[in-house]
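The values are calculated or read from the model by the stated rules, or taken from the named source; none is laboratory data. Computed from a predicted structure; not experimentally measured. All Cβ positions, glycine included, derive from the backbone under ideal geometry; neighbour counts span all protein chains shown. Just so you know, the surface numbers come from the protein's heavy atoms only, side chains and all, with ligands and any DNA or RNA stripped out. Shrake-Rupley method; radii C 1.70, N 1.55, O 1.52, S 1.80 Å.
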Amino acid sequence: MNEIQGTQLIHKYLRHNKKFPHVFCPGCGHGIVLGSLVRSIDALGLAKDDVCIVAGIGCSGRLAVYVDFNTVHTTHGRALTFATGIKMARPEMNVIVVMGDGDSMAIGGNHLIHAARRNIGVTALILNNNIYGMTGGQCSPTTPSGSFSMTSPYGQMEQSFDCVELCRAAKANYVARGSVFHVNELDKMVTEAISNPGFGVVEIMTPCFTQFGRKNKYKSPVEMFNYLKKNVISQERYNDLSESDRDGKIPSGVFVKKSEPGIEEKYYAMARQVQEGI
Amino acid sequence: MPRTKRVKRKEIFALGNEAVAEGALLAGCSFYAGYPITPSSEIMEIMAQRLPSIKQGCFVQMEDEIGGLGAVIGASLAGRKAMTATSGPGISLMQEHIGYGCITETPLVIVNVMRGGPSTGLPTSPAQGDVQQARWGTHGDHSIIVLSASNVQECLNMTIEAFNLAEKYRTPVILLLDEITAHTREKIEIPNPDEYEVFNRIVPTMPPEWYKPYEETVRGVPPMPAIGSGYRFHVTGLTHDVNGFPTSRSDEVRELNERLFRKIDQFLHDVQIVEEISTEDVDVAVIAYGCVARSAELAVKQARDVGVKAGLLKLSTLFPYPRKATEKVMSRAKTIIVPEMNMGQISREVKRVNNGQVSVRTINKVDGQIITPAEIFKVITRV
């Protein structure tokens, strides 16, 4: 696909009547995720009406405004609960949730665990930029230990959450991690997550230069992308590394892939049995 | 009078909570999500059992009350009539989503079986402490409809009413019950299908490209399509323009906020449900709701028996507060008595309407016990 075709494809799914430009800062990776999402939906051939994008609050939450699907911008941390209601009410819809790291793992941590446990048939894209961007650069559950933020001015002392481990332990059907630097891989993961039954999670490493980069001595957005290029490595390569070499490296790829039916499928199968008096 | 053949109504012996579930199903509720909490849990248990047996019926037990109301909003946006039920601490957790329901104009029903408080309070004792919270619990300024019921039959009737008003005005409706009403078992009649109205939300009929999701209409209530029905639009808790997109332009902000009030306030006659009992020639009028209204009804009757001209204004709608009905009773009575199981949450509204014209006496009880007919009778006959 050449560049012009790629751009036209994205335009096909954008809301042209919405007052652009978007809110994302220069150097932000969220637009790349949006592109990846749109390419995946297009590749799967889903009709616009059959897709519902549910977003939380923050920069990632704004993503839903720009695309021409059924879009719901919810409350902070609760996007998965809204998505659960939508998916249970309309199991035929493709429900995709877009959340940030604070959204999904701090305020919404409980909902993430239980969406995975429940295996609700929605796809969760977690845009992890290790910081609260829109609120002004406070630390998040994934801010790496030792790095700086508005609320960890002397260095973050808490450990950071590993989204993949968390979702794997909570029994999600599909768990993957990619980065906005490795776009082709990301496209594949998002496509696979949407088409896989049950709860799918793709953690996407994306840079926030404005809030994270500036406070942690990155000289430019390019340097942050280079960090992703160098440190987001395949899980096979990661596993081969010695314990000391793993520091700062982020394993990527598909970690869990099961095809158990989502709760909505199981529920309506049960309901049919009840109705038929079996 | 010609005798029309009547189909005999089905009678059941039910708890208030069971009557709520029954009423919800009669009104067309097909989605329930929530989190169990005393003294509302029976509603959830019955919905869990009944919903799978109806067409498209769906039940989810969520991880907490926040998730419960989130799922209800999602289901309602997807076209379902949806409800949740909870009690004190749960309703506190739900407040942010109640506000979300108001600004996104999502029809839904929330049953709050009040328990004593504050905090974990008295989980199994009756109280009426959440009245002002139902009105003003969420942040920001908004209109809302709050109903109550005082016996088991009313639990059923008011639940149907709650769904109808929610759908008609595209708004969350809160049904406030107390532990006594919810846990009293009485014989009730299930109305036949032709005996009650079921209102369904108005869906757009214009082509999708013409549709503006938050445009002004004659009633102030825009038509509402379901997610997935071909009308693609943006739903947000942010203040939005007629297209549903976030805005901070003061004219658009004002327009939306004023319409959210106006759409309910211009139909007060439809929303405000009250019942007057022997108020035609009243000297002492009692204004009450919930289980206390029941005590008051008996007290009023006993007072009439001893020659006191007493009457009762029973509030089924608590908010928007029935000002007109209150004023009418006040114009006749010399004294108003407001008994309630809190320190004065509806008497505050009564005094606001009264504005110092007649004497307003309150009976407040916060010891986890019901206000008895004798206690109200004593005050009626003393004034």
Relative contact order in percent for chain A (Cα pairs under 8 Å, 6+ apart) equals 18 percent
So the compactness index of segment A:65-146, its C-alpha Rg divided by 2.2 N^0.38 Å, takes the value 1.14
Dimensionless Rg/Rh of segment B:2-105, both radii on Cα and Rh by Kirkwood, sits at 1.06
With Cα coordinates, the longest principal axis of chain B makes an angle with the long axis of helix B:41-50, in degrees rounded to 10, of 50 degrees
Among A:Leu14, A:Ile131, A:Thr84, the residue whose Cα sits farthest towards the positive end of the charge dipole of segment A:2-152, when +1 is placed on the Cβ of each Lys and Arg and -1 on the Cβ of each Asp and Glu, is A:Thr84
Per-residue average of other protein chain Cβ atoms inside 10 Å, peptide A:265-272 -> 3
Short to long, in 10 Å steps from zero, the percent of alpha-carbon pairs of segment A:1-129 per bin is 13, 45, 34, 8, 0
Given a Förster distance of 30 Å, the FRET efficiency implied by the Cβ-Cβ spacing of B:Glu215 and B:Ser278, rounded to the nearest 0.05, works out to 0.05
Semi-axes (Å, rounded, descending) of the ellipsoid equivalent to segment A:145-234 per its C-alpha gyration tensor are 27, 18, 9
Note: probe point = Cα of B:Val203 + 7 Å toward Cβ; backbone nitrogen < 20 Å; residues of segment B:76-106 passing the test are B:76-83, B:105-106
With a Förster distance of 35 angstrom and the Cβ-Cβ distance between A:Gln273 and A:Arg168, calculated FRET efficiency to the nearest 0.05 equals 0.65
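Quick check: convex hull of the Cα atoms in segment B:161-284, volume per residue, rounded to a whole Å³?
That works out to 222 Å³ per residue.
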Computed over segment B:227-383, the distribution of all Cα-Cα distances in 10 Å bins, rounded to whole %, is 10, 33, 24, 13, 13, 7, 1
Row for the protein assembly as shown, column shape: gyration tensor on C-alpha, a ≥ b ≥ c, rounded if a/c < 1.5 i.e. under 1.5, prolate if a/b over b/c, else oblate; value prolate
iface A-B | buried accessible area, total | probe 1.4 Å | Å², round 100 | 3300 Å²
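Tell me the Kirkwood hydrodynamic radius of segment B:108-165 in angstroms, computed as one over the mean inverse distance between distinct C-alpha pairs.
When all Cα pairs of segment B:108-165 are included, the Kirkwood radius is 12.8 Å.
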Summing -39500 (n - 2.57) over every DSSP H run of at least 4 in chain A, dividing by its residue total and rounding to the nearest 500, the 222 nm mean residue ellipticity is -10500 deg cm²/dmol
Magnitude of the Cβ-charge dipole (Lys and Arg +1, Asp and Glu -1) of chain A about the Cα centre, nearest 20 debye, reported as 520 debye
Given Cβ charges of +1 for Lys and Arg and -1 for Asp and Glu, the option among B:Phe245, B:Val379, B:Trp136 whose Cα lies farthest towards the positive end of the dipole of the protein assembly as shown is B:Val379
Of B:204-212, B:38-46, A:174-182, ordering from highest average Cβ density within 10 Å down gives A:174-182, B:38-46, B:204-212
Treating only Lys and Arg (+1) and Asp and Glu (-1) as charged, each at its beta carbon, one finds that chain B has a dipole about its Cα centre, in Debye to the nearest 20, of 900 debye
With no solvent term and unit scatterers on the alpha-carbon positions of segment A:123-278, Debye gives log₁₀ I(q)/I(0) at q = 0.17 Å⁻¹ of -1.03
So the FRET efficiency between A:Lys217 and A:Tyr154, C-beta based with R0 = 22 Å and rounded to 0.05, is 0.90
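Cα convex hull of chain B: mean projected area in nm², to one decimal?
Working: hull surface 84.3 nm².
For chain B, averaging the hull's shadow over all directions gives 21.1 nm².
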If each part is reduced to its alpha-carbon centroid, segment A:89-155 and segment B:141-220 end up apart, in Å, by 35 Å
Note to self: C-alpha centroids of segment B:1-79 and segment B:299-355 sit apart, in Å, by 32 Å
Over all viewing directions the Cα convex hull of segment B:31-70 casts an average projected area in nm² of 2.6 nm²
Over 28 Å (Cα to Cα) among B:Lys301/B:Lys365; B:Lys263/B:Lys309; A:Lys19/A:Lys48; A:Lys258/B:Lys55; B:Lys309/B:Lys351; B:Lys301/B:Lys351 -> B:Lys263/B:Lys309; A:Lys258/B:Lys55
Checked against the positive end of the charge dipole of segment B:243-383 (+1 on Cβ of Lys and Arg, -1 on Cβ of Asp and Glu, about the Cα centre), the farthest of B:Ser295, B:Thr335, B:Gln272 is B:Thr335
Contact order relative to length for segment B:199-348, counting C-alpha pairs under 8 Å separated by 6 or more residues, stands in percent at 19 percent
So A:Glu243 and A:Ser145, fully extended at 0.36 nm per residue minus their Cα-Cα distance, gain in nm 33.6 nm
Computed on Cα atoms only, the convex hull of segment A:60-196 has an orientation-averaged projected area in nm² of 8.4 nm²
The relative contact order of segment A:89-151, taking Cα pairs under 8 Å that sit 6 or more residues apart, comes to a percentage of 34 percent
Taking only the alpha-carbon atoms of segment B:1-59, the convex hull volume per residue, in cubic angstrom, is 113 Å³
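Please give the charge dipole size of segment B:1-144, origin at the Cα centre, charges +1 on K and R Cβ atoms and -1 on D and E Cβ atoms. Round to the nearest 20 debye.
Working: 12 positive and 12 negative charges, 225 e Å.
My answer is approximately 1080 debye.
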Inter-chain shielding metric for B:232-244, i.e. average beta-carbon neighbours from other chains within 10 angstrom, reads 5
